[in-house]
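Written below as structure tokens is the structure these notes are about.
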Amino acid sequence: MNVTPQTHDHIVKSYDDELKRLTGELQRMGQLALAQLEAAVDAVMARDSHAASKIVHNDATIDALEHEVSHDVVRLLALRQPMARDLREILAALRIATDIERIGDYAANVAKRSIVLNQSAPVQLVTALPRLARLAQSLVEDVLDAYRTYDANQALDAWARDEELDEQYTGLFRELLTYMMEDPRNITPCTHLLFMAKNLERIGDHATNIAENVYFLVHGTQIAQARRKGDTTSVLPLDDPR
């Protein structure tokens, strides 16, 4: 069956519209996840359990959007049978949606922990969380912008900066351990802060996953160098060969 130029143009435009819709859904997911992260940290600092509960409830919106993206990806694969760059774009969208959904989950986890933390007396080191959160948020913003503009260099720069987030997390981890050793009464609240800090560190990991997918989308190859990790919290003194 011959396809007229007009029909071909219509098919191409329809396909482009579907891809734009897909990327638009991802951008909306990303903005919601970022808003959740910012609101979660605000709730921690304000010791606002009501606001934290709303954040936990709102996570369902991001989950629903991920399901929409997954449905759209399956439909595009089945109906369009994309190849080469188009196929990379669709698969990247599916992977990025998963990472954004996990970022939303971690923001909700911070909010959940804050509700329990509010049952204890205020802990001085809670003020270190916003610094960690701002860096994590900056990484997510940069990789989402790189995805929107197909900027592999911006994605690579954000990918490299995850090491800084790891180092900040490691420093806070050690501070919290010291705080717990100084006074056993700090163990319970500091344990919750440790989990919250780990959630923020994991958000950085998912931002780097997005960066890797953007790089692959643009170049068709993986990032050549290995990802450097600044998180040394799992290294015990017994691991030191000296």
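The values are calculated or read from the model by the stated rules, or taken from the named source; none is laboratory data. What you see is a predicted model; the values in this text were computed from it and never measured. Heads up, the Cβs are rebuilt from the backbone with ideal geometry, glycines too, and the neighbour counts pull from every protein chain shown.
Before we move on, is Val143 crowded, with 18+ Cβ neighbours inside 10 Å, farther than 30 Å from Phe216 by Cβ and of a type in the set (A, V, I, L, M)?
Working: crowded, with 18+ Cβ neighbours inside 10 Å: yes; farther than 30 Å from Phe216 by Cβ: no; of a type in the set (A, V, I, L, M): yes.
Against the criterion (crowded, with 18+ Cβ neighbours inside 10 Å, farther than 30 Å from Phe216 by Cβ and of a type in the set (A, V, I, L, M)), Val143 does not qualify.
Please enumerate the residues belonging to the range 91-145 that are among the acidic types (Asp, Glu) and touching a Leu at 6+ places or on another chain (Cβ under 9 Å). Answer for the range 91-145, where residues must be among the acidic types (Asp, Glu) and touching a Leu at 6+ places or on another chain (Cβ under 9 Å): Glu101, Glu141. Scanning the range 1-27 for residues that are among the polar types (S, T, N, Q) and modelled with pLDDT of 50 or more gives Asn2, Thr4, Ser14, Thr23, Gln27. Restricting Thr208, Thr221 to those that are among the hydroxyl-bearing types (Ser, Thr, Tyr), modelled with pLDDT of 95 or more and either assigned to a loop (DSSP other than H, G, I, E, B) or buried (at least 18 other Cβ atoms within 10 Å of the Cβ) (or both) reduces the list to Thr208.
Residues that are under 12 Å from the mean Cα position of the chain (by Cα) and not acidic (Asp, Glu) were ranked within the range 136-157; the one that is nearest to Ala35 (Cα to Cα) is Gln137. Close contacts from the range 169-184, counting a first residue that is under 26 Å from Gly204 (Cα atoms) and a second that is of a type in the set (D, E, K, R), with Cβ to Cβ under 8 Å and a gap of 6+ residues or different chains, come to Tyr169/Lys198; Tyr169/Glu201; Tyr169/Asp231; Thr170/Asp231. Put simply, of His67, His50 the only residue that is under 21 Å from the mean Cα position of the chain (by Cα), surrounded by fewer than 17 Cβ atoms within 10 Å (Cβ to Cβ) and without any contact (Cβ under 8 Å) to a residue 40 or more places away in the chain is His67. Would you be able to say whether some residue in the range 151-165 is buried (at least 17 other Cβ atoms within 10 Å of the Cβ), within 23 Å of Cys190 (Cα to Cα) and not basic (Lys, Arg)? Yes.
Where residues in the range 100-123 are over 20 Å from the mean Cα position of the chain (by Cα) and touching a residue at least 12 places away in the same chain (Cβ under 8 Å), which of them is surrounded by the most Cβ atoms within 10 Å (Cβ to Cβ)?
First pass over the range 100-123, keeping only residues over 20 Å from the mean Cα position of the chain (by Cα): 115-123.
Narrowing further to those that are touching a residue at least 12 places away in the same chain (Cβ under 8 Å): 115-118, 120-123.
Working: Ile115: 20, Val116: 15, Leu117: 24, Asn118: 17, Ser120: 13, Ala121: 7, Pro122: 10, Val123: 17.
Applying the filter and picking the extreme gives Leu117.
The lone criterion from (1) at pLDDT below 95; (2) among the β-branched types (Val, Ile, Thr); (3) farther than 20 Å from Asp48 by Cα left unmet by Val126 is number (3). Within the set Ala84, Ala43, the sole residue that is crowded, with 21+ Cβ neighbours inside 10 Å and either in contact with a Ser or Thr (Cβ under 9 Å, 6 or more places away or on another chain) or under 30 Å from Asp157 (Cβ atoms) (or both) turns out to be Ala43.
Selection of the range 166-192 for residues being in a helix (DSSP H, G or I), surrounded by fewer than 17 Cβ atoms within 10 Å (Cβ to Cβ) and of a type in the set (D, E, K, R) yields Glu167, Arg174, Glu175, Glu182, Arg185.
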